[in-house]
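Quick notes on the structure that follows.
Just so it is clear, none of the values below were taken in a lab; they were calculated from the coordinates. Model, not experiment: these values are computed from the prediction. All Cβ positions, glycine included, derive from the backbone under ideal geometry; neighbour counts span all protein chains shown.
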Amino acid sequence: MQSRRDALHGLGAAIGSAVFSASSVAEEPPAGVNLGLLMYSYGIRAKAEKDRGFADPIRFVEFAKARGASAVQLSLGAKTEADATTVRMAAAKVGVHIEGIISPPADDRAGLERFTAEVLTAKACGATVVRTVMLGGRRYETFDKPEDYPAFAKRAAEMLKRAEPVARKHGVKLAVENHKDFRTDEQIDLLKGVASEFIGVCVDTGNNLALLEAPVDTVAALAMFALTVHLKDMAVEEFADGFRLAEVPLGQGIIDLKAIVATLRKGNPNARFHLEMITRDPLPIPCLTEKYWATLGRVPGRDLARTLALVRKSARKEPLSRISGLTAKEQLDAEDANVRASFAFAAKAGLLPNA
């Protein structure tokens, strides 16, 4: 088990030589960056400050603005029109655009009514795009048998076909994230099965590494379907069953951010980019175990070989940082430091200049 000293050392290595810490980074947000902030980037704080309403849309809009964000993406739930209007006005006052997060409709009347109410709320809050996922977990952890994936893909298609008329009627586009569930070709097949301008993709720039895809290839294939973006950088390290994968501050990982941003902007110049910087222990990708391949038997061996070669080439000398050995206060500080470092890099690199 990693000691607290090792955890702190790893954290320092991840944050980098600029030493972006909660105390050393200037409080003024960086200028000249057109980057949104995903609520999940502050999962530790959201949990710690749940009773104080950190996830309240108005509070999070103000918090994100203070970090330099031009937009937010978060769960809005179902609100009265008056409450939603208050959210929209608060966001407009500080110049922050809102996107929602929503679950797809279940196969019953209650599920469709819930989905419709949340779409209406998102629209009243000013959102024109809402992000969703078809599988809450990770494919290689969730499924045990080859037939599990086709059954899941069928359910996903059915949910999107229920959702599409609601999205179309109310003029709110539904962006399906590549959430370690679909390989790129599978997700494109899903979209083509619905064939609607109101159903597209929330392109996550790092997730498909876990499914042995190269990020540049994933982004190139999905760019034409992009409605919104989760922008992240990734770092890797080997372990006996495969490799570990972790979000790191922008500019400190293996993702070619400038190339990926350019590709996505070409695919949809109007898609908004939201930072997803989840501060947590690295995720194991057990691609050398039998269970991992339960529903991935069609993946070419060359993809596994390419990914493992990338891991070996890109792995850091120091272990990836872990937060499990840190105090609650240190975890909060690390989370904030990672987000601030990402915004600072985006501004300095001119990654997403203001339109």
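Observations, loosely collected:
- Using a Förster distance of 56 Å, the FRET efficiency for T327-K154 (Cβ separation, nearest 0.05): 0.75
- For the peptides 192-205, 80-93, the ranking by packing is 192-205, 80-93, with the highest mean count of neighbouring Cβ atoms within 10 Å listed first.
- Whole-angstrom Cα spans of segment 298-355 along principal axes, big to small: 42, 41, 25
- Peptides ranked, highest mean first, by Cβ atoms within 10 Å: ranges 304-313, 339-348, 267-276: 339-348, 267-276, 304-313
- DSSP beta bridges in segment 4-349 [antiparallel fraction, %, rounded to 5]: 25
- Against the compact-protein benchmark of 2.2 N^0.38 Å, the Cα-based radius of gyration of segment 208-355 scales to 1.11.
- Note that segment 135-265 carries a Kirkwood radius of 15.7 Å, evaluated over its alpha carbons pair by pair.
- Coarse-grained scattering of segment 4-349 at q = 0.10, 0.12 Å⁻¹, given as base-10 log I(q)/I(0) from a Debye sum over alpha-carbon atoms: -0.60, -0.88
- Extended-chain gain in nm, criterion 0.36 nm per residue less alpha-carbon gap, R302 and V94: 70.0 nm
- Extension reserve of the I188-E62 stretch, reckoned as 0.36 nm per residue once the Cα distance is removed: 41.8 nm
- Springs between Cα atoms under 10 Å define the GNM used for the chain, and in it the highest mean-square fluctuation of R322, R109, R183 occurs at R109.
- Separation of alpha-carbon centers, segment 175-215 and segment 140-154, rounded to whole Å: 16
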